[in-house]
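The values are calculated or read from the model by the stated rules, or taken from the named source; none is laboratory data. Source: prediction; values computed, not measured. Heads up, the Cβs are rebuilt from the backbone with ideal geometry, glycines too, and the neighbour counts pull from every protein chain shown. Quick note on the areas: whole protein, heavy atoms, side chains included, nothing else; ligands and nucleic acids left out. Shrake-Rupley method; radii C 1.70, N 1.55, O 1.52, S 1.80 Å.
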Amino acid sequence: MRKAWILTAVVLIAAMAGQAQDGKITGRVEDPSKNALEAFTATLVRAKDSGMVKVELSDKTGSFQFTKVQNGTYLISLTGAGYTKRFSSPINISSEMPSHNLGNMVLTPQSKELKEISVVARKPFIEQKIDKMIVNVDAAVTNAGTNILEVLEKSPGITIDGDGKISLKGKQQVLVMMDGKPTYLGQTELTNLLKSMPSSAVEQIEIMTNPSAKYDAAGNSGIINIKTKKNKQYGFNGSVNTNYSQGKYWRTSDNVNLNYRNGKLNVFANGGYSKWNSFQNLDIKRTFRDPANKQVNAIFEQQSRMRNIEDNYNMKLGADYMISKKTTIGVVTTGLINPEQFHSTNKSYLMDPDGQTDSIVIATNKNLNTWKNATVNLNLRHQFDSTGREITADLDYATYASTTNQQFLSSTLTPDMNTTLNDQKLRGDLPVHIDIYTAKMDYNQNVLKGKFETGLKTSYVSTRNAANYYQVKDQGESVDYNKTNMFDYVENIHAAYINYNRQFKKIGIQTGLRYEYTQMKGDQYGNPQRQDSSFSRSYGNLFPTVFISYKAGKNHQWGLNAGRRIDRPAYQDLNPFLFFIDPYTYQAGNPFLRPQFTNNVELSHTFKGFLTTTLNYSKTKDFHTETFEQEKLPNGDDGYATIVRKGNIGKRDNAGIAVSVQVPVKKWWSAMVYSNLSYSKFRGPVNGEMIDVSATTLMLNVNNQFKFEKGWSAELSGFYRSKGAEGQIIINPFGQVSAGVAKQIIKGKGTLKFNVRDIFYTQIVKGSINFQNTEAEFTNTRDSRVATVSFTYRFGKPMKGMPQRRTSGSKDEQSRVKMGEN
């Protein structure tokens, strides 16, 4: 299989190298002060009928070029926000003169009297590229006043479950990036951050189900890259956002974004605070059967009432400095402090086979946890010339520190709750420290009428985890050596890639190859009752990618892509310690957890730009997910506790068909309907038993946008997910309906919004788990019905842009740090 991939890449590159040369038009766009204008639109049109041939964007030097231009007479129009549109003189392409250089074309800023003229033409909400789908956030009117998480929920193929976990086309393990770098947060903090950031700060969302070789190979479902708007203003400018939400408990998020630009220096800062109050009610019924005759041995019913209170303080400071027109250096620092209080009360009923209560266990669990994170990024970009030759470099350091103090109290009572049979008090001190170092360099240039990219990356990760448990007695504390341990983990990943992209008339081809070599070593230190143990592993893997697009006329666009990806375990999932959730539920790591590898293939068709149909298939080896097993007592019998840990369960096959349609119902009403029907099959050994689970899942996402006069807009949206499987877990159907209204105020600089999410309180997750000799049913209820009032204010005047800041090189490593997850 690997040889076939390599052969395919070589053949495609060789085919591209053999193509003939055609007409070429180049030029440069600048303002009256001869400053380059970046990201301005150059449109090639036929002179005889003004028919559009091709569109390009100017690069950082203001340069643009059109290649493979057929013989004929053309015009080029140049447009950009804040500037008057300009046409070139007629350009005649012939065999005698196939190339033309238009030189420097000056655009004049629009006069102040034109500032009230509305722009009718705008980017479409969805754009389909050869290797990605692009969501243009501002193209959806009702995105004004929303947050990023709400925008993601509207995006094709993306679903958000009750826990805030993001799935892409029915599959989790999605790598979420912000401006090409990780968000540095675990699931809970990531959800809070996306809710606190206004969509007005976002330019585009890139959805890549099979990213090119330039990106880290992590994320079997693909990558979601959230591209924020770049600072394009001189002087002092920024935005302020605040909101208040009320469910059962209140919550808020507030942030300020500031930027100052003067000459060659650009300084930026933003900071935020959020308060998150939430609850979770989890009810579980477990039935234990005899392994020999399968008769019911015992019944266990558990009621857990959990309360979570979090504060999140975050900050970013940075600066860019243009040494020259071709060279820019930058520095970015970030900081995060996330104190959290988690309280749970559990009441458990242990019953005989006839349902009569034998005993009652009441337990309380209190966790005081604080995550701290700091990062530093140094970056450099140098452009050699105006032909596209460029080199970039990044150096990154990130450190994470966590302190967790756990207080656990459990009492076993008689059925009448009058007599205490047993008491247990446990205290846990669980520190975590992680250091991440990365270095990355990329080079690209235009060659053979296409774009060639290559790069190197290396990373070093060191983690130290300790679990110090103490039995608390009236006479004092004593170390519990059965639970106390220390775990160190070190990992090196070295990567190199090549990538090539070229357009052949109606056919576009992109092919690439990435190699990643991984070295890892783990040490589990012993104590007076446990021996030391260690493990080490090294492996190298190739990750090929191929993309082909074909434009069959003006109404039909076809795409085919294939590639291979990897998912390495989160660092904490390799930690073998037991973490007590309640008396009958433990969480543990798995130092022997192997990475999973996925082969993906996808065929897509777009009709008239509004109807997209996609067929996809993926096969995952060593698929890892949450697994469940019964506790083993010292005498070898099965206990009543369930141990939850990540494990490899063999293989997963996933096939699906997705249909997305955008319908302009009325001039003031537009609707988008997305559906995804997927089939997943899991099979393989788990904790000594074979599982063979399959399910077909339907996901529907409907979004109605309404635009009214005088700055009013509204939205009615919802989603539905049918019954589905996630490894050993079967999830019953659930969904929600949300609605909101927004008003532009303060001459368009402010947005006031009110919305209610999960209006009918239907986002309640129910399901079942069957493993070994245990059958379990559960109901999980959260604070999902929430009303929100938000206000956003923006200030600043649009001017020309700075070169984009380089992003961090630690894309994969930091995303594998799990923070604040219970």
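Among the candidates Ser386, Ser324, which residue alone is within 30 Å of Lys449 (Cα to Cα) and open to solvent by 60 Å² or more (accessible area, probe 1.4 Å)? That would be Ser386, the only listed residue that is within 30 Å of Lys449 (Cα to Cα) and open to solvent by 60 Å² or more (accessible area, probe 1.4 Å). Scanning segment 701-742 for residues that are in a loop (DSSP other than H, G, I, E, B) and closer than 29 Å to Pro685 by Cα turns up Ser722, Lys723, Gly727, Gln728, Asn732, Pro733. Please determine, by comparing only the residues of segment 394-423 that are charged (D, E, K, R) and more than 43 Å from the chain's Cα centre (by Cα), which one is farthest from Gly180 (Cα to Cα). Restricting to residues being charged (D, E, K, R) and more than 43 Å from the chain's Cα centre (by Cα), the top hit is Asp416. Every condition in (1) in contact with a Ser or Thr (Cβ under 6 Å, 6 or more places away or on another chain); (2) polar (S, T, N, Q); (3) in a loop (DSSP other than H, G, I, E, B) holds for Ser784 except the one numbered (1).
Test Ala695 against the stated conditions and say whether it is open to solvent by less than 40 Å² (accessible area, probe 1.4 Å), touching a residue at least 24 places away in the same chain (Cβ under 8 Å), touching a helix residue (DSSP H, G or I) at 6+ places or on another chain (Cβ under 7 Å) and not polar (S, T, N, Q). Considered against the rule, which asks whether it is open to solvent by less than 40 Å² (accessible area, probe 1.4 Å), touching a residue at least 24 places away in the same chain (Cβ under 8 Å), touching a helix residue (DSSP H, G or I) at 6+ places or on another chain (Cβ under 7 Å) and not polar (S, T, N, Q), Ala695 comes out as no.
Of everything in segment 74-89 that's over 17 Å from Val55 (Cα atoms) and of a type outside the set (Val, Ile, Thr), which residue is most open to solvent (accessible area, probe 1.4 Å)? Filtering first and then ranking leaves Ser89.
To keep it simple, each residue is scored yes or no on (1) modelled with pLDDT of 90 or more; (2) over 23 Å from Thr625 (Cα atoms); (3) not in a strand (DSSP E or B).
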residue: Ala641; (1), (2), (3): no, no, no
residue: Val644; (1), (2), (3): no, no, no
residue: Val659; (1), (2), (3): yes, yes, no
residue: Val665; (1), (2), (3): no, yes, no
residue: Tyr674; (1), (2), (3): no, yes, no
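State all residues of segment 676-706 that are of a type in the set (A, V, I, L, M, F, W, C), modelled with pLDDT of 85 or more and farther than 17 Å from Gly724 by Cβ; if no residue qualifies, say none. Listed by number, the residues that qualify are Val702, Phe706. Before we move on, is Gly355 in contact (Cβ under 8 Å) with a residue 60 or more places away in the chain and either buried (at least 19 other Cβ atoms within 10 Å of the Cβ) or over 30 Å from Asp783 (Cβ atoms) (or both)? Criteria not met by Gly355.
When you scan segment 522-529, do you find a residue that is crowded, with 18+ Cβ neighbours inside 10 Å, in contact with a strand residue (DSSP E or B) (Cβ under 9 Å, 6 or more places away or on another chain) and not acidic (Asp, Glu), even just one?
yes
Restricting attention to segment 589-607, report how many residues are assigned to a loop (DSSP other than H, G, I, E, B) and more than 29 Å from Ile643 (Cβ to Cβ).
0
Within segment 477-517, being surrounded by fewer than 16 Cβ atoms within 10 Å (Cβ to Cβ), closer than 22 Å to Pro211 by Cβ and among the β-branched types (Val, Ile, Thr) holds for one residue alone: Ile507. All of (1) closer than 22 Å to Arg307 by Cα; (2) touching a helix residue (DSSP H, G or I) at 6+ places or on another chain (Cβ under 9 Å); (3) aliphatic (A, V, I, L, M) hold for Ala398 with one exception: (1).
For segment 757-767, the count of residues that are open to solvent by 50 Å² or more (accessible area, probe 1.4 Å), touching a residue at least 12 places away in the same chain (Cβ under 8 Å), more than 25 Å from Gly247 (Cβ to Cβ) and not acidic (Asp, Glu) is zero.
Kindly provide the set of residues from segment 608-639 that are open to solvent by 40 Å² or more (accessible area, probe 1.4 Å), closer than 20 Å to Lys169 by Cβ and not in a loop (DSSP other than H, G, I, E, B), ordered by number.
Here is the first cut: in segment 608-639, the ones open to solvent by 40 Å² or more (accessible area, probe 1.4 Å) are 608-611, 613, 615, 617, 619, 621, 626, 631-638.
Filter again for closer than 20 Å to Lys169 by Cβ, leaving 610-611, 613, 615, 617, 619, 621.
Residues satisfying the conditions are Leu611, Thr613, Leu615, Tyr617, Lys619, Lys621.
I'd like the residue in segment 356-378 that is under 30 Å from Gly318 (Cα atoms) and more than 23 Å from the chain's Cα centre (by Cα) and, out of all such residues, is modelled with the highest pLDDT.
Within segment 356-378, the first condition is being under 30 Å from Gly318 (Cα atoms), and the residues that meet it are 369-378.
After this cut, where a residue has to be more than 23 Å from the chain's Cα centre (by Cα) as well, the list is 369-370, 378.
On the way: Asn369: 91, Thr370: 92, Leu378: 95.
Checked segment 356-378; the qualifying residue modelled with the highest pLDDT is Leu378.
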